[in-house]
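A quick write-up on the structure given underneath.
Any read-out appearing in this document is the output of simple, stated calculations on the displayed coordinates, not a laboratory observation. Treat the numbers as computed from the prediction; the structure is a model and nothing was measured. All Cβ positions, glycine included, derive from the backbone under ideal geometry; neighbour counts span all protein chains shown.
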Amino acid sequence: MERVRKPKRSFSLKGEDSNLSTLSFFSTLTINADTPEFSFRLDLKRSESFPAHRFSCKGYWFHSDERYTAFPVPKDSAHLQLQLGESLGAGRTGTAYSAQVSAPLPQLSRPVPSELVVKFAKLNHCRNLAREAWIYNYLDRIPQSSGTIIPRCYGFFTTTLTELPSAKRPYDLPWSSVDGEHAKRDDDLWDDVEVEESLDEIPSELITKERSAWNSWVPDSKNPLVAVLILEKGGPMYNEIDDEDPLVKKDIKQIIRDLSLCGVAHGDFRMSNLVRSPTTTEVCPHHKCVHKWNIIDFNRAWVLDLGVECIPDAIVAVDPGYRQPGFYGWNPSK
């Protein structure tokens with residue numbers, strides 16, 4: 001008896017199969033850097049991102065699902081060339097830099113800002129950045145989220161280092177790590193768990209989390225991988241002054257609600273993961289305004305399907321905890 005498959009949910013309104021998506025613009029990338037600390041040229045190609053499991057509120061567990069798979073990578077799109085600028089900040093898993101578009105671009109369906117953000121994964125955190133790339137791609141497939149509550153993404157790119165670039169000190173390089181923690185592996189993700197479903201029920205051409213090369217990826221010191229994510233550039237991070245502004249609080253609560261209705265739990269929602277919106281931010285169709293804040297850094301995010309969940313339970317499950325102790329990184333009551 002032939003097995004009947006459930007109809008797939010359509011993400012055809014946006015995404016890499018659409019000329020409207022910035023994720024379809026570029027297949028290759030060159031980053032040039034010439035600073036007092038280091039000098040290098042990197043030539044990178046678009047890489048497949050790392051899909052997530054689907055979380056279920058019933059049983060509070062993760063599941064393999066054929067609707068949550070790797071997205072197609074554009075093969076014959078344009079080339080992007082960037083000149084690396086100043087460091088914008090560093091976290092546990094990566095470092096972000098500003099970068100100027102340094103070569104003419106072909107005519108695209110949407111103008112590309114002259115200044116972008118390059119987020120470098122530290123050498124042992126490429127897997128985490130691959131997951132973040134998947135979340136940006138997932139949100140891009142949901143109408144009116146990319147460019148309204150999150151910055152637009154221009155792709156996830158990787159290359160293998162054949163030789164070490166010139167630098168005063170090896171740990172000055174954007175992808176270097178000096179803490180040594182988990183140097184031989186990446187951090188675990190929320191959905192790094194065993195699932196009950198058999199992959200036999202999922203078509204072999206679909207790349208689920210278990211089938212992804214990123215699932216078992218470990219750093220290779222002999223052939224180090226450099227991974228970067230290209231994003232629109234926002235403004236300053238949320239700070240203590242913003243935290244007292246009632247209009248800011250209202251705006252943040254609205255974009256959190258919008259993200260929750262996309263079925264995305266941030267997983268690491270802190271002050272440093274909120275930035276002023278890029279100048280290209282568009283009107284939010286839900287709140288009929290241009291939000292002044294964007295949410296960033298999705299390397300710890302996980303997803304659920306609101307189409308099969310009880311909405312109130314799901315909203316509670318993905319609530320990021322705005323202005324709770326974890327948001328500040330400390331307990332404000334002490």
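Stretched out straight at 0.36 nm per residue, the stretch from S109 to Y328 would grow longer than its current Cα-Cα span by 74.9 nm. Amide H contacts for S77 (H built 1.01 Å from N in the peptide plane; partners 5 or more residues away or on another chain; cut-off under 5 Å): S27. With 0.36 nm allotted per residue and the present C-alpha distance subtracted, the E163-D243 stretch has 24.3 nm of extension available. Sequentially through segment 262-272, phi angles give Karplus couplings (6.51, -1.76, 1.60; θ = phi - 60°) of 8, x, 10, 9, 5, x, 7, 7, 9, 3, 5 Hz, Gly and Pro residues having no value and appearing as x. A cut-off of 5 Å between modelled amide H atoms, ignoring neighbours fewer than 5 places along the same chain, links D305 with F55.
Which of the residue pairs K184/K253; K75/K122; K119/K222 have a Cα-Cα distance greater than 28 Å in the structure shown? Violating the 28 Å limit, Cα to Cα: K184/K253. Once the cut-off is 38 Å, how many percent of the Cα-Cα pairs in segment 22-328 end up in the long-distance tail? Counting pairs separated by more than 38 Å, the tail of P(r) holds 11 percent. In straight-distance terms, cross-link reach from K250 covers every one of the aspartates and glutamates whose alpha-carbon lies under 19 Å from its own, apart from those fewer than eight places away in the same chain; here that gives E240, D242, D258, E282, D319. Only aspartates and glutamates eight or more places from K45 in sequence, or on another chain, were considered; those with a Cα closer than 12 Å are D76. Coupling constants for segment 27-35 follow from the phi torsions by the Karplus curve (6.51 cos²θ - 1.76 cosθ + 1.60, θ = phi - 60°), and in residue order they are 9, 9, 8, 10, 10, 9, 9, 8, 10 Hz; glycine and proline get x. What does a probe at R92 reach in segment 247-280, counting residues whose amide N is under 18 Å from the point 7 Å along Cα→Cβ? Within reach of a label on R92, which here means backbone N under 18 Å from a point 7 Å along Cα→Cβ, segment 247-280 contributes 265-274.
The helix-only estimate of mean residue ellipticity at 222 nm for the chain, built from DSSP H runs of length n ≥ 4 each weighted as -39500 (n - 2.57), is -4000 deg cm²/dmol after division by the residue total. The HN-Hα couplings worked out from phi for segment 60-71 by the Karplus form 6.51 cos²θ - 1.76 cosθ + 1.60 (θ = phi - 60°) are 6, 8, 9, 9, 7, 8, 5, 8, 10, 9, 5, 8 Hz, whole numbers, x standing for Gly and Pro. Counted residue by residue at 0.36 nm each, then reduced by the alpha carbon distance between them, the extension gain from V283 to T30 reaches 87.9 nm. Quick check for you: which residues of segment 202-219 have the amide N under 17 Å from the point 7 Å beyond the Cα of W61 toward its beta carbon? In segment 202-219, the label zone of W61 (backbone N under 17 Å from the point 7 Å along Cα→Cβ) covers 210. The amide H of G85, built 1.01 Å from its N in the peptide plane, has S98, A99, Q100 as neighbours under 5 Å, considering only residues 5 or more places off or on other chains.
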